[in-house]
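Let me begin by presenting the structure, written as structure tokens, before commenting on it.
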Amino acid sequence: MNDLPMLNYDVVVIGGGPAGMAAAVRAKELGLKVLLLDDNDYLGGILPQCIHPGFGLHYFKEELTGPEFAARFAKRLVELGVDYRTAARVLEIKNYSDLEKVVVFSSPSGAYQVWTKTIIYAAGARERHAFEIGIVGDRGAGIYTAGEAQTLMDIYGVMLGKEIVIVGSGDVGLIMARRFALEGAKVKAVIELMPYPGGLARNIMILRDFDIPLYLSHKVVEVRGKERVERVKIVKVDENLREIPGTEFWIEADTLIISAGLVPSVKLLTAIGVEIDPTTGGPVVNDLFETSVPGIFAAGNSVIINDLVDYVAEQGELAAEGAKLFIDNEGIPTRRWIKLEKGENVRLLVPHYLSGERDVWIYARVSKPMENVEVRFPEIGKKLRLPVVKPAEMLRMKLRKEEIAKARDGITMEVVPL
Amino acid sequence: MKKTYRFTCIVCPLGCALEVEVENGKIGEIKGYTCPRGKEWAIEEVTNPKRVVMSVIKVRNGALPTVSVKTAEPVPKEKIPELMEFLSKLEVEAPVEISQVIAEWEGVKIVATRGA
């Protein structure tokens, strides 16, 4: 490995989606020498295939499609002269010391090793597939994840089927339901395990627009069809998500789309011992999105699954600011860290540690929907009223440094009914 | 004949549960909204629902085989299948710039949202 051509940078950004591009742009603006690596043939991550509107309302104050959002960042990246490589696959990260790290990657022009002071890991997430959600049966053609279907239809222009069943009512599943319906396919059902829909309100509208039946508290358990999917078996579940015997029925379909949630991609991080939060599936991070390995930062869906790209870009920029601070001070010069703890009806929460030296956006998801609630941080006496909270909609709220400074040990976040 | 429409407001993330009564083509009582924008949207949604439409069309000699497009403004919901039929027949030659107007359909511009 030592004879590989050697490159030298202040920060290597892994991943060219919205988190990675935002991180690379910000790092360059802060005067750092940046290299961005992405394994796809083009920049943007999944954005170029997300052709629907709804991106950038917070960040650009206007509504863009995914490719348009990506193009704005890609343009800025090129204007600033950020070094980037596409079709570049990162093989390994090595952590020699706080300011000496190596990223090994392969690319069409060969393999390289990059010595770098910091790394921003923004590799996004992967989709959960049929086997992970307990679907058994035949393995005929016609089973895709929602993201695969999106790549095939909206990048490569391939129509995948005529009669569609979608597993999961999250945003990607609903958006693909609309794509199939618009292209003339019959979307026969959206099957949701939970008793409430998983997507944003504006995407639930899609079901009404196209008269698509939504089965709440149901699951797909079996798929049949030797050559190609022919029918899928569905069963009702009780409040503990246990199948109710005698409620089985079949729907005829030639295509099954799995939209069962995303899981942060963290393989390269776990290989070097970065601590992972089992609830988010992403790394444990502080208020600069630094992981438990000093100088390795993370951002976007590889940390926590976001529902708005705007938050992903925001996290990328913050990680870049972290990298700059780290390089200037040979580490993050913080005296004490305050742990942010999950209380009642909080399922996910980042960042995990707060310095109290800066204001911080916290991102959280609730476990169950509730109306008329108060979000409380009892240790610092902060309270916020909200008319409604839903698991599908991430809560983002600011804690000011003066507020954080009031905490002696930890700060708990809880969402309680009024 | 009286008909009650029930849907979720999508103007902002609150997602209010709206109810609009329509009697003989006239809007009656509107319930569930918490702001004037929501009320306005509810009326439009039952009288003349519109959507921005997005799709992909074929592109020759581009880096990818398709280019993504959207309508420059929302179009009436009932005309969407007709528009999709129109889009399915379009084919353009690369290069295509992002924001380029690719075609026009009933006065509505079809705009490229990716380069190709």
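I need the trypsin sites (Lys or Arg not before Pro) found in the stretch A:307-372, filtered to DSSP loop residues with at most 13 other beta carbons within 10 Å of theirs. Working shown, then result.
Numbers: sites: A:LYS324, A:ARG335, A:ARG336, A:LYS339, A:LYS342, A:ARG347, A:ARG358, A:ARG365; in loops: A:ARG335, A:ARG336, A:ARG347, A:ARG358.
Filter output for the stretch A:307-372: A:ARG335, A:ARG336.
No other cysteine beta carbon under 4.7 Å away is the test; run it over the protein assembly as shown and list who passes.
Here A:CYS50, B:CYS12, B:CYS35 come out as lacking a disulfide-compatible partner, given the Cβ-Cβ threshold of under 4.7 Å.
Between 0 and 90 degrees, rounded to the nearest ten: what's the tilt of helix B:36-47 against the longest Cα principal axis of chain B?
80 degrees
Write out the chymotrypsin sites (Phe, Trp or Tyr not before Pro) in the stretch A:1-99 meeting two conditions: DSSP loop, and at most 14 other Cβ atoms within 10 Å of their Cβ.
Numbers: sites: A:TYR9, A:TYR42, A:PHE55, A:TYR59, A:PHE60, A:PHE69, A:PHE73, A:TYR84, A:TYR96; in loops: A:TYR42, A:TYR59, A:PHE60.
Here the sparse-neighbourhood loop sites are A:PHE60.
Long-range amide H contacts for A:VAL13: which residues qualify at under 5 Å (H placed 1.01 Å from N, peptide plane, sequence gap of 5 or more or a different chain)?
Those qualifying (amide H under 5 Å, at least 5 residues apart or on another chain) are A:LEU35, A:LEU36, A:LEU37, A:ILE120.
Could you tell me what a quarter of the Cα convex hull surface of the stretch A:105-192 works out to, in nm² with one decimal place? Could the numbers behind the result be given before it?
Details: hull surface 35.6 nm².
Mean projected area for the stretch A:105-192: 8.9 nm², to one decimal.
The stretch A:336-417: percent of C-alpha pairs farther apart than 18 Å?
Working: 1107 of 3321 pairs.
Every Cα pair in the stretch A:336-417 considered, those over 18 Å come to 33 percent.
Which one of B:ASN48, B:ASN24, B:ASN61 has the biggest mean-square fluctuation once chain B is modelled by GNM with Cα springs under 10 Å?
Judging by the Gaussian network model, the answer is B:ASN24.
Using only Cα atoms, tell me the angle between helix A:66-79 and the longest principal axis of chain A; keep it within 0 to 90° and round to the nearest 10.
Approximately 20 degrees, to the nearest ten.
If you count, for every residue in A:178-184, the Cβ atoms of partner chains within 10 Å of its Cβ, what is the mean?
Values: counts 3, 3, 0, 3, 9, 5, 4.
For peptide A:178-184, the averaged partner shielding equals 4.
On average, how many beta carbons from a partner chain sit within 10 Å of the beta carbon of a residue in A:293-304?
Values: counts 0, 0, 0, 0, 0, 0, 0, 0, 0, 0, 0, 0.
Counting Cβ atoms of other protein chains within 10 Å of each residue's Cβ and averaging gives 0.
Go ahead and estimate [θ] at 222 nm for the protein assembly as shown from helices alone: -39,500 (n - 2.57) per DSSP H run with n ≥ 4, summed, over the residue count, rounded to 500. Present the calculation step by step, with values, prior to reporting the outcome.
Values: 10 runs with 107 residues, N = 534.
Rounded to the nearest 500, it is -6000 deg cm²/dmol.
Note down the Stokes-Einstein diffusion coefficient of chain A in µm²/s, whole number, using a Kirkwood radius over alpha carbon pairs, 10 °C, and 1.306 mPa s. Could the numbers behind the result be given before it?
Values: Rh = 22.6 Å.
Rounded, D is 70 µm²/s.
Note the angle between two axes, namely the Cα long axis of helix A:171-182 and the longest principal axis of the Cα atoms of chain A, as a number of degrees from 0 to 90, rounded to the nearest 10.
50 degrees
If Lys and Arg each add +1 and Asp and Glu each add -1, what is the summed charge of the other residues whose beta carbon sits under 14 Å from the beta carbon of B:MET1?
Working: positive: B:LYS2, B:LYS3, B:LYS26; negative: B:GLU21, B:GLU23.
Around B:MET1, the charge tally is +1.
May I ask you to list the lysines whose Cα is less than 25 Å away from that of A:LYS117, ignoring any residue fewer than eight positions away on the same chain?
Within the straight-line cut-off, A:LYS117 pairs with A:LYS28, A:LYS33, A:LYS94, A:LYS101, A:LYS267, A:LYS324.
Give a quick list of trypsin sites (Lys or Arg not before Pro) in the stretch A:178-229 that DSSP marks as loop, anything other than H, G, I, E or B, with at most 16 other Cβ atoms within 10 Å.
Numbers: sites: A:ARG178, A:ARG179, A:LYS186, A:LYS188, A:ARG202, A:ARG208, A:LYS219, A:ARG224, A:LYS226, A:ARG228; in loops: A:LYS226.
Sparse-neighbourhood loop trypsin sites (Lys or Arg not before Pro): A:LYS226.
Give me a comma-separated list of calculated 3J(HN,Hα) values for the stretch A:86-92, in order, Karplus coefficients 6.51, -1.76, 1.60 applied at θ = phi - 60°, integers in Hz, x for any Gly or Pro.
Running phi through 6.51 cos²θ - 1.76 cosθ + 1.60 with θ = phi - 60° gives 9, 6, 10, 9, 6, 9, 7 Hz.
Per residue of the stretch B:62-69, what does 6.51 cos²θ - 1.76 cosθ + 1.60 with θ = phi - 60° give for ³J(HN,Hα)? Whole Hz please, x for Gly and Pro, Karplus curve as stated.
x, 5, 10, x, 10, 10, 7, 9
Hey, what does the equivalent ellipsoid look like for the stretch B:54-112, semi-axes from the Cα gyration tensor as sqrt of 5 times each eigenvalue, largest first, whole Å? Mind dumping the intermediate values first?
Working: eigenvalues 83, 27, 14 Å².
Taking √(5λ) for each eigenvalue gives 20, 12, 8 Å, largest first.
As an exercise, use a Förster radius of 22 Å and the Cβ-Cβ distance of B:ILE27 and B:VAL52 to find the FRET efficiency, rounded to the nearest 0.05. Each step should come with its number before you reach the end.
Working: r = 24 Å, r/R0 = 1.09.
The computed FRET efficiency comes out at 0.35.
Quick one: among A:ALA23, A:ALA177, A:ALA298, which has the greatest mean-square fluctuation in a GNM of chain A with alpha-carbon springs under 10 angstrom?
Among A:ALA23, A:ALA177, A:ALA298, the largest GNM mean-square fluctuation belongs to A:ALA177.
Every number here is computed from the coordinates shown, using simple stated rules; none is lab data. None of these values were measured; they are calculated from a predicted model. As a convention, Cβ positions derive from the backbone with ideal geometry for all residues, glycine included, and neighbour counts pool all protein chains shown.
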